[in-house]
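Since every read-out is calculated from the coordinates, none of them should be taken as a lab result. Please read these numbers as outputs of a predicted model, since none were measured by experiment. Here Cβ is always computed from backbone atoms with ideal geometry, including for glycine, and neighbour counts include all displayed protein chains.
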């Protein structure tokens, strides 16, 4: 069971790298639940999210560095890279590249992803893209 669940997670990242949102129908359950603030349940949310990222970063690639599993849970350590050539969250393309680490935990049921918890270095990505500049340290701190 664990090896089959790991294979589903690896397939998910292959679909992300291919950018074919229609393929998500085969590996993401209708009642998929994304554990993130404001996330709307369902497969269509995953499709919109992937389409948005692929439009902003057409060369988006997620490298899977490690995959661990137990029962119906699978954790993947990833490195995501891409070049900002399309609009992203209201920002015009910067033509800059980013590389950011991520950790994803999925729950798999009947050969499909049904839940996801994720941590991604969004701040690091935004800094690399020039979309966020950290404030300089204040004097005396």
In percent, what relative contact order does the chain have, based on Cα pairs under 8 Å that are 6 or more apart in sequence? 23
Any idea how far the Cα center of region 43-82 sits from the one of region 6-38, in Å? 8
How would you rank 134-140, 90-96, highest first, on the average number of other Cβ atoms within 10 Å across their residues? 90-96, 134-140
In degrees rounded to 10, the 0-90 angle between helix 43-56 Cα long axis and the longest Cα principal axis of the chain is 40
Under the √(5λ) rule applied to the eigenvalues of the Cα gyration tensor, what semi-axes describe the equivalent ellipsoid of the chain? Give them in Å, descending. 29, 18, 14
If contacts are Cα pairs under 8 angstrom and at least 6 residues apart, what is the relative contact order of region 23-79 in percent? 20
Structure-based [θ]222 nm, the chain - -39500 (n - 2.57) summed over DSSP H runs of at least 4, per residue, nearest 500: -9000 deg cm²/dmol
Within the chain, percent of DSSP bridges classed antiparallel, to nearest 5: 90
So how tilted is helix 2-18 from the main axis of the chain? Cα-based, degrees 0 to 90, rounded to 10. 50
When the chain is fully extended, how far beyond the present Cα-Cα distance does residue 20 get from residue 77, taking 0.36 nm per residue of separation? 18.3 nm
